[in-house]
Amino acid sequence: MLSKEMYKQLFGNPTWDHHTLQAADEITTRVGKEHLNLSIYPNQIEIVTSEQMLDAYSLIGLPTSYPHWKFGKDFVLNQHNYTKGRSALSYEMVINSNPCISYNMENNTTCMMVLVMAHACQGHNAFFANNYMFKEWTSADSILDYMAFAREYILACEEEYGVEEVERVLDAAHALMNHGIDKYRKPAKLSAREEKERQKLRTSVRHENYNELWRTLPQAGVSSNSKPLPGKNFLEEPEENILYFLEKNSPTLPVWKREIIRIVRKVAQYFYPQGLTKVMNEGFASFVHYHIVNKMYEEGYVDDGFMLEFIHSHSSVLYQPDYSSKHFSGLNPYTLGFNIFMDIKRICQSPTEEDRYWFPNLAGRDWLEEVHNAMQNFRDDSFILQYLSPKVIRDMKLFVVIDEEDEDEYEIAAIHNERGYRKVREALSEQYRRTFYVPEIQVEKVDLHTTNTLHLTHQIVSDRKLIPKETQETLEHLRYLWEFPVRLSSKNRLGVNEEIFECS
Amino acid sequence: MSNIIDRRLNSRGKSISNRQRFLKRVEDQIKKALPEIVNQESLHETSTGGTVKVPVRGVDEPTFVHDPETGIKNIVRPGNDRFSEGDRVPKPKGGQGKGGSGGPGSNSPETTEDGFVVVLSREEFLRFFFDDLELPNMVKKFMENVDSFENRRAGFIKYGNPSRLNVKSSYQQSLARRISLQGVYKKKLERLQTQLTASVDPVEMKGLQTEIEKVNRLVKAVPFFEDVDLRYNHFEAVPQPTTSAVMFCIMDVSASMGQHEKDIAKRFFTLLYIFLTRQYENVELVFIRHHTAAKEVDEEEFFNSRESGGTVVAPSLKLMNKIISERYSNGQWNIYGCQASDDDVWSDLMPMSAYRSCGTKYCPPCSTWPIWKSVTGRRTVHCGKLIIN
C-alpha cells in the first residue's frame, strides 16, 4: 500500500511500468469488491505486442488451439486491415477461463491500462464468473487444459492420417459449428483427463471385443423381425445438434473423425454463451469501469488530467452513430448495454411515475442488488425484453423498420412513443435471439432401409430463406461426415417444402 | 492477487504454421483459378497491368445462413430524426441499404466479407503461369533468356586483357604503393642524417654513411610498377531490350477447332505475348485466322467468331509475309510468328515448306515444343507451331 499521493503520481504518468500495473490492479480490485461487490476469478493479466494481439484475435483469445488454416486466414485478414490502418486493434481481450486471462496492448497509456483493467479484469471477469449462461454452459476451469488436449490429439491425427484428411474433417465440422450446440441439455463439464480416458476406453473396448471367432458363429437365434427397426428407434425425436448426431450416428465414420467432431463441438459449446451475451457483457463491463474509475477519482487516486483522458476514451467506446450517419454499422453493444444498466440504477435510485408503472419491481430497490440480479440471470434477448426502459428508447431514439422482401418501401412500424415502446422492445429482443442469425435446422430422419439418406429440415421463420450456394456447399461438408446422401428441405409454417437441397 | 505477465519478450510468430497452411491453400486455389483468368483477360490486359487480381475460392467457410435478401425483418435502428409510425420510406436502389443486413451490432462476428481476392504482382503471376503449364525446364529457361546484351562499364578489376589496361588508376595504385613502402626507409634516412650531422666520432660517421647508402639502395629498389598495381577496365553484359517486336498470331479456325482447342490456343498466344512484353517495350499484335483462305482480323473476332472449312496453312503464312514486307520490313522489328492448329492439313503444301516461304532459316525444332529461330542481321525471326491433338 502506498500513499494516495504516490498513486496519483503513478497514474498521472502516461508511461507505465510493472509497479503502475500492480497498483492499478490493486486499486481496481479493491474498489470493485468494496464498491460494486464483484466476485471474480483470479486474474492473469498479460501485456502483449500488436502481433501477439493479432495471434490472440485469430484464436479468439484462447492461448492455444489446434492447427488449422482458418486461424491463419483470420490472422492475415486482421493484420492486413491493421497495417493498412483500416481497423485498430482493441485495447484488451479477455477470455472466459479460470484464472481469467486478459491481454492488454503494450501501447496503451496508463489511463487506458487502468480503464482496461477495470473493464476486462473486473467487469468481464465478474460477468464470466456469475452469469448463468457461462456458469452452466461452459467450464472455465478446464478450457485451457481441454484446448491443449485438443491440439495434441489433432496433431497426432495429422501424423497418422495426414494433414489433408484431418483438414478436410475440420473444414466440414467447422461448417456445422453453429449447429453443434446443446441449447437445452446442459453439457457435461470438460476435463482433458477424462476425455483422454474416455478415448482410451472406447478403443480398448473395441479391441477386447474383437474376436475372429465371434464372426463365424451362426446367427440362428436372431430373426429379422426381432431386430429393432433402426429407422424408428434410433431417432425418436428430431435432433438439432447436428454435430452431436454425426458423432454418435454417422454409419461408417472412423473413430478418429468422430473424436475431431467432438472437439469442434466442445469448442462451439464453449463459445455459445459469448454470442448470446454480447450486449450484456460489454454493457456490464462498461458499467463497471465507469464506476470504478469514478470512484478512484472521488477517493483521490487519480487527477483531473487522467479523468479527462478517461472520459474521452469512455465516450469514444460508447459512441453510437445515428442510422443516417456514414459511420453507422449497427447498434453498438457497448452503448446499448451500458445505457440499460445505467438506467436500472437510475430507476432504483430516483424513479419517475413512468418507471413505477413500467418497473414496479425495480423502483426504489437497492440498485447494486438489482444490477447483479440482471447481470447474473439473463442473456441479451431476455435482458432487453426485461429491462429496456422507455427512457433508454427515447434517449437512443430507437425505431423499428419493417423490411419486406417484396415491397419497394420500408415501413416504420414503431418509434419512441407511448405506443411504440413495447414494439421496439420486442423487435430489439428478437434481433438478439440466436434464431435471428442461425437458421433452425434439425435432423429429421434417416432412411436406413435403402439409401442411408439423411433428411434435414429447415424451419422457415418469417419467410427467411437460406442462401442457396452456401447451403449447397455446407451440405457437401455434411455429406462428407455422413458419408451417404443428405437432403435438406426448407419447410414453411404449414409444413410444405419450399426448397430442397440435395447432395448425393 | 493477480498475476501480471509481460509477454512481449515471448517468441514471435505463434501462428506462423496456421498462416503457412492458409497461404498454401491460397496458392493451390490460385493455380486452380489460373486457366479461368487467362481465358477472361484479353492478351493486352494480361501483360499491361502491374498486378493481377485472383478471386480465391475455397478459403471461404460456408455455413447455413439466412439470405439477407429474403423474408420479413423487423430491424431496430437508433437516432430517429424524422419518422413517425406508419411512414413508408423507399428502399435505396442497388445494394442492401440501411436495413438490409440487419447485423446485430458493430462488433458483430457476423459481418460478411466480400470475396477473397489476392493481388499478384506480374512476376508472381508469371511464376504461377509457368508452373501451371508444366513446361520442361529447358523451355522455361529459354523463355526467361534475353538474347541481346550490351557491354557497360562497371569499374575496374585486377585481372584482364592488356588492351583494357587503365593507365590512370594503375598509376594511382603504383604511387600509393611506392609512398607507403618507401616511407619507412625515408623516415629511417632522416633519422640517420640527423645522427650523422650530430656525430663527431669518425668511426661512427663511417658506419652511419654506409648505413645511409644501404637504405638509399633499398629506396631505389622499390619498383615503379608491380603486377598488383595493374587495373583493367571492367565491362558487364547488360541485357538489352530490343524495343520493338511484332507477334503474329495465326490460328486455324476450321470446323475441327472447337472451343476447347481455341482455349488452348489462346493460352499459348497469351504465354508468348507475356513473354514478349517482358522482353520488348513495344509489342504489336497481328491476328490472322485461316481455314482455306487467310484474313487479318482484330482480337475480338479472332477468338470469338466461328468459321468452317478445311485447313490450308500456306495462305496465312503468305499473308504474314506480305504484312512483314509492308509494315515491318525496316529491320527494327523482331518478328515472332506462331501458329496454332489441330494439324488437319490436307493440302499439298506441308507446313514446313510453308514456313520456308516466309524467307526465314530454321533451327531444328526443339523436341517438346517446336520453335524455329533465325537471325538475319539485327533482326530475329522466331516461328513456332502449336499442334493441338
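The values are calculated or read from the model by the stated rules, or taken from the named source; none is laboratory data. Being a predicted model, the structure only gives us computed values, none of them experimental. Virtual Cβ from ideal backbone geometry, glycine too; neighbours counted across all protein chains shown. Quick note on the areas: whole protein, heavy atoms, side chains included, nothing else; ligands and nucleic acids left out. Shrake-Rupley method; radii C 1.70, N 1.55, O 1.52, S 1.80 Å.
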Could you please find all residues in the stretch B:163-204 being assigned to a helix (DSSP H, G or I), touching a residue at least 60 places away in the same chain (Cβ under 8 Å) and not hydroxyl-bearing (Ser, Thr, Tyr)?
B:Arg164
Run down A:Met177, A:Met133, A:Met93, A:Met147 and say which single residue is modelled with pLDDT of 90 or more, over 30 Å from A:Glu476 (Cβ atoms) and within 14 Å of chain B (Cβ to nearest Cβ).
A:Met93
Given (1) open to solvent by 30 Å² or more (accessible area, probe 1.4 Å); (2) assigned to a helix (DSSP H, G or I); (3) touching a helix residue (DSSP H, G or I) at 6+ places or on another chain (Cβ under 9 Å), where does B:Gly207 come up short, assuming only one miss?
(3)
Residue among A:Glu430, A:Glu418 that alone is of a type in the set (D, E, K, R) and within 10 Å of chain B (Cβ to nearest Cβ):
A:Glu430
Residue that is farthest from the chain's Cα centre (by Cα), among those in the stretch A:37-85 that are among the basic types (Lys, Arg) and within 10 Å of chain B (Cβ to nearest Cβ)
A:Lys73
Scanning the stretch A:467-484 residue by residue, those more than 13 Å from chain B (Cβ to nearest Cβ) and open to solvent by less than 30 Å² (accessible area, probe 1.4 Å) turn out to be A:Leu481, A:Trp482
I want to confirm something. Restricting to the stretch A:433-454 and keeping residues that are touching a helix residue (DSSP H, G or I) at 6+ places or on another chain (Cβ under 8 Å) and facing chain B (nearest Cβ under 8 Å), which single residue is surrounded by the fewest Cβ atoms within 10 Å (Cβ to Cβ)?
A:Val438
Quick count over the stretch A:86-127, residues being more than 20 Å from the chain's Cα centre (by Cα), of a type in the set (S, T, N, Q) and outside any loop (DSSP other than H, G, I, E, B), is 2
Pairs returned, first residue in the stretch B:220-239 that is open to solvent by 60 Å² or more (accessible area, probe 1.4 Å), second residue that is at pLDDT 85 or above, beta-carbon separation under 6 angstrom, 6 or more apart or interchain, are B:Phe225/B:Ser174; B:Glu236/B:Arg152; B:Glu236/B:Ala154
Tell me yes or no: at least one residue of the stretch A:375-391 is within 25 Å of A:Leu38 (Cα to Cα), more than 10 Å from chain B (Cβ to nearest Cβ) and of a type in the set (Val, Ile, Thr).
no
Of the conditions (1) over 17 Å from A:Ala374 (Cα atoms); (2) open to solvent by 10 Å² or more (accessible area, probe 1.4 Å); (3) within 18 Å of the chain's Cα centre (by Cα), A:Glu282 clears all except one; give me its number.
(1)
Of the conditions (1) surrounded by 22 or more Cβ atoms within 10 Å (Cβ to Cβ); (2) within 14 Å of chain B (Cβ to nearest Cβ); (3) not small (Gly, Ala, Ser), A:Leu362 fails just one. Which one is it?
(2)
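To keep it simple, each residue is scored yes or no on (1) in contact with a strand residue (DSSP E or B) (Cβ under 9 Å, 6 or more places away or on another chain); (2) within 7 Å of another protein chain (Cβ to nearest Cβ); (3) at pLDDT 80 or above; (4) open to solvent by less than 70 Å² (accessible area, probe 1.4 Å).
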position: B:Asn3; (1), (2), (3), (4): yes, yes, yes, no
position: B:Lys53; (1), (2), (3), (4): yes, no, no, no
position: B:Asn80; (1), (2), (3), (4): yes, yes, yes, yes
position: B:Gly105; (1), (2), (3), (4): no, yes, no, yes
Could you tell me whether the stretch A:349-366 includes any residue that is aliphatic (A, V, I, L, M) and within 26 Å of the chain's Cα centre (by Cα)?
no
Filter result for A:Glu152 (assigned to a helix (DSSP H, G or I) and over 25 Å from A:Leu54 (Cβ atoms)):
no
Residues satisfying the stated conditions in the stretch A:406-415, i.e. within 7 Å of chain B (Cβ to nearest Cβ) and either part of a loop (DSSP other than H, G, I, E, B) or closer than 30 Å to A:Gly275 by Cβ (or both)
A:Asp408, A:Tyr410, A:Glu411, A:Ile412, A:Ala413, A:Ala414, A:Ile415
Being surrounded by 18 or more Cβ atoms within 10 Å (Cβ to Cβ) and touching a residue at least 24 places away in the same chain (Cβ under 8 Å) is the filter here; which residues of the stretch A:392-403 pass it?
A:Val392, A:Ile393, A:Met396, A:Leu398, A:Phe399, A:Val400
Which fully enclosed helices (runs of 4 or more DSSP H) of the stretch A:255-370 have 2 or more residues being touching an Asp or Glu at 6+ places or on another chain (Cβ under 8 Å)?
A:255-276, A:278-298, A:333-349
So which of A:Ala148, A:Ala129, A:Ala88, A:Ala156 is touching a Cys at 6+ places or on another chain (Cβ under 8 Å), surrounded by fewer than 24 Cβ atoms within 10 Å (Cβ to Cβ) and of a type in the set (Gly, Ala, Ser)?
A:Ala129
A:Met307 is checked against (1) within 30 Å of A:His455 (Cβ to Cβ); (2) among the hydrophobic types (A, V, I, L, M, F, W, C); (3) surrounded by fewer than 23 Cβ atoms within 10 Å (Cβ to Cβ) and fails just one. What number does that condition carry?
(1)
Can you tell me which residues in the stretch B:240-269 are touching a residue at least 24 places away in the same chain (Cβ under 8 Å) and in a loop (DSSP other than H, G, I, E, B)?
B:Gln240, B:Pro241, B:Thr242, B:Thr243, B:Val253, B:Ser254, B:Ala255, B:Ser256, B:Met257
Residues satisfying the stated conditions in the stretch A:310-354, i.e. within 30 Å of A:Gly12 (Cβ to Cβ), free of Cβ contacts under 8 Å to residues at least 24 places away in the same chain and not hydrophobic (A, V, I, L, M, F, W, C)
A:His312, A:Ser315, A:Ser316, A:Tyr319
Which residue pairs have Cβ atoms closer than 6 Å, lie 6 or more positions apart in sequence or on different chains, and pair a first residue in the stretch A:5-31 that is more than 16 Å from A:Phe310 (Cα to Cα) with a second residue that is of a type in the set (Val, Ile, Thr)?
A:Thr20/A:Thr110; A:Leu21/B:Ile4; A:Val31/A:Ile292
Would the stretch A:404-423 turn up any residue that is crowded, with 17+ Cβ neighbours inside 10 Å, of a type in the set (D, E, K, R) and touching a helix residue (DSSP H, G or I) at 6+ places or on another chain (Cβ under 6 Å)?
no
Do any residues in the stretch A:488-504 that are farther than 14 Å from A:Leu466 by Cα have Cβ atoms under 9 Å from those of residues that are open to solvent by 40 Å² or more (accessible area, probe 1.4 Å) and not hydrophobic (A, V, I, L, M, F, W, C), where the two are at least six apart or on different chains, and which pairs are they?
A:Arg493/A:Gln459; A:Cys503/A:Gln472; A:Cys503/A:Glu476; A:Cys503/A:Arg479; A:Cys503/A:Arg487; A:Ser504/A:Thr451; A:Ser504/A:Arg479; A:Ser504/A:Arg487
Among the residues that make up the stretch A:38-61, is at least one of them more than 26 Å from A:Gly283 (Cα to Cα) and open to solvent by 50 Å² or more (accessible area, probe 1.4 Å)?
no
For the stretch A:434-504, please list each of the strands (runs of 3 or more DSSP E) lying entirely inside it that holds at least 3 residues being at pLDDT below 90.
A:440-447, A:497-503
